[in-house]
Amino acid sequence: MQRYNSYSKYLFDTFGCKVNKISLDLGFTCPNRDGSKAIGGCIYCNNDTFVPPYARSRYTLEEQMTNGMKYLRARFKAKKFIAYFQAYTNTYSSVNELEKLYRQALGFEDVIGLAIGTRSDCIDEEKLDMIQRLAEEVYVLLEYGIESIYDKTLDYMNRGHDYESVLKAIEISKGRGLHLGAHIIVGFPTETEEQMLAMADEVSGLGIDVLKVHNLHIVRNTPLARMYAENPFYLFSYEDYLAFITKFIERVSPDLILERLFTDTPHQLLIAPVWPKNHLEVLRGIDAELVGQDTYQGKFYKS
Ligand code: SF4
């Protein structure tokens with residue numbers, strides 16, 4: 001028995017086969033990099049950490065889709081696909097241009113939907129109306145980077161928007177037939193562990209469907225790497241994180257689907273924390289911790 005709702009199981013149950021997301025980098029930027037809000041971006045951001053080699057903006061959408069599907073079929077036996085507009089801010093363009101790209105990706109055989117990663121300050125009613133029309137035809141997951149519910153932390157990470165902005169974006173996104181996703185980061189030195197755990201309570205009440213939890217990584221070629229070199233601070237050890245994420249899972253709503261529970265960074269880009277485990281071992285470690293404590297998602301959820 002799996003003790004939390006995993007996104008891969010949700011997709012299998014919903015579509016009746018193995019579904020994987022194809023990461024795409026269509027050459028967007030973001031207002032936190034191009035000077036509209038800030039220059040330099042969020043202090044932890046290095047898009048190379050999560051975009052696979054086939055998803056590079058120097059390749060066309062067609063090349064990324066074709067190579068992505070080939071890779072995912074071979075590696076994970078994927079049968080169907082969600083085109084994942086992942087890198088940077090994927091609603092940061094005109095409505096017409098966005099619709100053209102989204103529809104182009106949906107035109108590939110075996111693509112059953114879209115996932116669109118964005119910032120709360122890069123969405124509006126006009127864009128949502130267009131995305132809503134797509135959601136009447138296919139599965140659409142709109143993912144917001146919340147990162148933290150604390151403005152002090154959002155300031156520290158140079159996020160360029162506050163938590164109120166996230167609340168407004170989620171509010172105008174509801175009731176449109178979209179699946180709403182969010183990601184948060186735990187481990188900033190601006191928060192206590194109890195404040196991080198309280199994010200489980202808060203995000204459970206937002207009306208979102210899918211949550212990604214990332215533990216903070218210090219990644220090469222980021223402002224945070226320089227800050228950390230000058231002033232190192234505590235980052236979750238593997239053992240401490242297992243204890244933390246178990247408590248987090250217990251507090252989160254039993255209705256949420258958990259797409260990610262920790263961060264993966266290619267070893268050549270990761271400065272800290274370096275855990276002596278690979279992806280599968282961490283997943284198994286979390287499962288073993290839940291079983292060992294005989295606990296499960298939502299055990300201590302307070303609605
Ligand atoms: S994390 Fe997202 S919003 Fe922040 S700088 Fe990177 S691409 Fe922009």
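The values are calculated or read from the model by the stated rules, or taken from the named source; none is laboratory data. Worth saying up front: this structure is predicted, and the values here are computed from it rather than measured. Methodologically, a virtual Cβ is constructed for each residue, glycine included, from the backbone with ideal geometry; neighbour enumeration extends over all protein chains shown.
Observations, loosely collected:
- Answer residue from segment 11-40, given it is β-branched (Val, Ile, Thr) and assigned to a loop (DSSP other than H, G, I, E, B) and is nearest to the ligand (Cβ to nearest atom) among those: 29
- Scanning segment 24-82 for residues that are more than 25 Å from residue 216 (Cβ to Cβ) and among the acidic types (Asp, Glu) yields a total of 2.
- Residue within segment 73-86 that is touching a helix residue (DSSP H, G or I) at 6+ places or on another chain (Cβ under 9 Å), within 16 Å of the ligand (Cβ to nearest atom), under 22 Å from residue 160 (Cβ atoms) and outside any strand (DSSP E or B) present: yes
- Some residue of segment 92-100 being closer than 29 Å to residue 204 by Cβ, in contact (Cβ under 8 Å) with a residue 40 or more places away in the chain and either away from the ligand (no atom under 16 Å from the Cβ) or not charged (D, E, K, R) (or both): yes
- For the condition of a type outside the set (Ser, Thr, Tyr), more than 21 Å from residue 255 (Cα to Cα) and crowded, with 16+ Cβ neighbours inside 10 Å, residue 181 does not qualify.
- Segment 134-160 residues that are free of Cβ contacts under 8 Å to residues at least 60 places away in the same chain, paired with ones that are assigned to a strand (DSSP E or B) and within 12 Å of the ligand (Cβ to nearest atom) (beta carbon under 6 Å, 6 or more apart): 145/183
- Enumeration of residues in segment 157-184 that are in contact with a strand residue (DSSP E or B) (Cβ under 7 Å, 6 or more places away or on another chain) and in a helix (DSSP H, G or I): 166, 169, 170, 173
- Across segment 135-146, a minimum of one residue is classified as away from the ligand (no atom under 16 Å from the Cβ), over 22 Å from residue 250 (Cβ atoms), of a type in the set (Val, Ile, Thr) and outside any helix (DSSP H, G or I).
- Considering only residues in segment 41-54 that are in contact with a helix residue (DSSP H, G or I) (Cβ under 9 Å, 6 or more places away or on another chain) and within 14 Å of the ligand (Cβ to nearest atom), the one that is nearest to residue 78 (Cα to Cα) turns out to be 46.
- Qualifying residues in segment 79-97 (those that are aliphatic (A, V, I, L, M), within 20 Å of the chain's Cα centre (by Cα) and modelled with pLDDT of 95 or more) - the one surrounded by the most Cβ atoms within 10 Å (Cβ to Cβ): 83
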